[in-house]
Amino acid sequence: MSITDIKEMSIIERIHAMELLWDSLCDDEQSIDSPEWHETILNARKQKLDSGEAKFLTLDEVRLRYQK
């Protein structure tokens with residue numbers, strides 16, 4: 001399958017193919033190690049939470065922020 005073949009699919013067909021691909025990865029018994037930078041970001045976020053510096057936004061606040 002090529003990118004041209006994919007582009008010829010309808011959006012519904014592409015979404016369905018993506019879901020099937022994702023499901024096949026979830027069922028795979030091989031694990032994929034997360035990159036080191038994932039741990040770095042998670043640790044920084046946890047530190048913000050623990051220190052009380054973290055700010056939580058409602059879904060409406062997030063939408064407003066990204067509509068600009």
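The values are calculated or read from the model by the stated rules, or taken from the named source; none is laboratory data. The structure displayed is predicted, hence computed values, not measured ones.
Scanning the stretch 25-49 for residues that are assigned to a helix (DSSP H, G or I), modelled with pLDDT under 90 and not hydrophobic (A, V, I, L, M, F, W, C) yields one hit, ASP27.
TRP22 meets the conditions (1) modelled with pLDDT of 95 or more; (2) of a type in the set (A, V, I, L, M, F, W, C); (3) outside any loop (DSSP other than H, G, I, E, B) in every case but one. The failed one is (1).
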